[in-house]
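Step one of this worksheet: look at the structure below.
Values in this text are rule-based calculations from the coordinates and carry no lab data. Note that the structure is a prediction, hence the values are computed from the model and not measured. We place every Cβ from the backbone using ideal geometry, glycine too, and count neighbours over all the protein chains shown.
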Amino acid sequence: MSQKNYPPIAKRRGLMFVLSSPSGAGKTTLSRRLLKEEEGVDLSVSVTTRPMRPGEVDGRDYHFITPETYDTMVQNDDLLEHATVFDYQYGTPKAQVLQALEHGHDVLFDIDWQGTRQLAEQCREDLVSVFLLPPTLGELERRLRTRAQDSEAVVQKRMAKAVEEISHWEEYDYVVINEDLDHTMDHIRRILHAERFKRWRQRDIVGFVQNLCKSA
Ligand code: 5GP
């Protein structure tokens with residue numbers, strides 16, 4: 001997430017929108033579409049110690065950092081949540097997320113169940129979590145292979161991990177089976193739009209209702 005110049009007053013507090021799924025269930029494509037098609041949604045760019053894949057850009061897909069830098073960030077409490085996934089460390093830089101929410105921007109997270117659980121413990125009222133399921137495990141494997149960025153050993157490891165990841169589906173607010181990308185996109189958009197109307201996110205609503213009743 002890059003430094004933004006937000007307008008000073010926001011009528012609504014932003015929300016944290018988490019999309020989790022096993023690798024290959026369509027999360028990256030859906031995230032990209034949501035960011036492109038929805039106004040006022042920022043992407044939380046995580047830090048990670050894993051090596052960059054072909055086509056990835058530092059600062060856009062992740063902030064690629066050393067294990068030493070990661071340890072320092074954890075010690076300094078600079079991360080909103082952090083976890084080890086597939087032998088590497090991942091975490092969400094705190095400052096920019098909190099700034100975005102304060103200024104009425106929603107923040108999209110592509111994080112796993114461990115991170116989502118930490119956000120639920122710390123920021124329950126800001127959090128909206130969605131778990132994406134693949135229609136079948138065969139389809140998941142096919143998508144992982146078409147992506148063709150990972151070696152066979154990595155694909156096998158990710159398949160094994162997928163079942164473990166799926167076992168956490170009940171910890172999420174919403175569950176969507178990604179059978180058709182356009183339909184799934186519609187469901188995700190509707191969830192986001194409805195959640196924006198949660199009473200406690202609408203900062204100016206108390207004053208509005210008071211004025212409304214005064215005029216009775
Ligand atoms: P990949 O290495 O394929 O980009 O991501 C592997 C897994 O790490 C994905 O399930 C992704 O959601 C998760 N992940 C990415 N960034 C973060 C993060 O900041 N925190 C946590 N907890 N998980 C993350």
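Checking each residue in segment 30-48 for being farther than 17 Å from D150 by Cβ and either β-branched (V, I, T) or in contact with a Ser or Thr (Cβ under 9 Å, 6 or more places away or on another chain) (or both) picks out L30, V41, D42, L43, S44, V45, S46, V47.
I'm checking my understanding of the structure. Among residues of segment 93-120 that are within 25 Å of Q202 (Cβ to Cβ) and within 10 Å of the ligand (Cβ to nearest atom), which one is nearest to the chain's Cα centre (by Cα)? Ranking the qualifying residues of segment 93-120, first place goes to F109. Among residues that are of a type in the set (F, W, Y) and under 14 Å from the mean Cα position of the chain (by Cα), F131 is included. Of all residues in segment 10-23, those satisfying the criterion of being assigned to a loop (DSSP other than H, G, I, E, B) and more than 9 Å from the ligand (Cβ to nearest atom) are A10, K11, R13, G14, L15.
For segment 192-216, the set of residues classified as under 36 Å from the mean Cα position of the chain (by Cα) and among the basic types (K, R) consists of R196, K198, R199, R201, R203, listed by residue number.
The set of residues from segment 110-138 being within 23 Å of F197 (Cα to Cα) and touching a residue at least 60 places away in the same chain (Cβ under 8 Å) comprises D110, T116, L119, C123, E125, D126, L127, V128, S129, V130, F131, L132.
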